[in-house]
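Undergrad: Input: one structure, supplied below.
The values are calculated or read from the model by the stated rules, or taken from the named source; none is laboratory data. These numbers were taken from a predicted model, which means no experiment stands behind them. Counting neighbours? That spans all protein chains shown, and the Cβs are built from the backbone with ideal geometry, glycine included.
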Amino acid sequence: MNSLPGIDPGAEQRHDVRARIAQMQQRLHSASLGFRDPPPEPTTCCGRGCHGCVWEGYEAALGWWFEEAQAKAQG
């Protein structure tokens, strides 16, 4: 994945990220490869730009999820 979500991404970016997640899940499913669900999107961001924002953790977890999913899909 070339572009991961940024800190508190906008709605358009979230839409794109969700689409990429769905594509990866479909790719794994089509290859009959079971894989864990991606991390859930944060629901508790206060919007104040905190250091350690929940979006930072989500971005990191999603990046790891994509790396592991890609490795599984490549066999």
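Undergrad: For region 12-44, which residues satisfy the criterion of being of a type in the set (Gly, Ala, Ser) and assigned to a helix (DSSP H, G or I)?
TA: Selection gives 19, 22, 30.
Undergrad: List every residue pair whose Cβ atoms lie under 9 Å apart, where the two residues are 6 or more positions apart in sequence or sit on different chains, the first residue falls within region 48-73 and is touching a residue at least 24 places away in the same chain (Cβ under 8 Å) and of a type in the set (Lys, Arg), and the second residue, located anywhere, is assigned to a helix (DSSP H, G or I) and surrounded by 13 or more Cβ atoms within 10 Å (Cβ to Cβ).
TA: 72/28
Undergrad: Could you list all residues from region 50-75 that are part of a loop (DSSP other than H, G, I, E, B) and over 22 Å from residue 15 (Cβ atoms)?
TA: 50, 51, 52, 75
Undergrad: Mind checking whether some residue in region 12-22 is over 12 Å from the mean Cα position of the chain (by Cα) and at pLDDT below 85?
TA: Yes, region 12-22 has at least one match.
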